[in-house]
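What follows is a set of notes on a single structure, which appears directly below.
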């Protein structure tokens, strides 16, 4: 992949998901993969996926929640734990990003 293509993809991502930083985008992608795999994602797991310090990752998770892209869901078996789930809007955001790629692959 060329530098020009990476830059173009980054610009396209900014149009589709304005204001999302790299850690936020990585966590969104991780949650999208988890949803497609049918596996739950804990807050701590999402923080690790971001490759940032925990406090930074938690701040980015807060942004994703505020934007309505993810939601926190209480664990019914452990009151100390929350799961993160992609919202419909979050899933649509990721799908909009990959739609041109999927069209190229299908062609």
> Here is a list of conditions, (1) at pLDDT below 95; (2) surrounded by fewer than 14 Cβ atoms within 10 Å (Cβ to Cβ), and residue 55 meets all of them except one; can you say which number that is?
Replying inline: (1)
> Which one is surrounded by the fewest Cβ atoms within 10 Å (Cβ to Cβ) among residues in segment 35-52 that are closer than 18 Å to residue 88 by Cβ and either in contact (Cβ under 8 Å) with a residue 24 or more places away in the chain or in contact with a helix residue (DSSP H, G or I) (Cβ under 7 Å, 6 or more places away or on another chain) (or both)?
Replying inline: 40
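The values are calculated or read from the model by the stated rules, or taken from the named source; none is laboratory data. Since we're looking at a predicted model, the values are computed, not measured. Neighbour counts run over all protein chains shown; Cβ positions are idealised from the backbone, glycine included.
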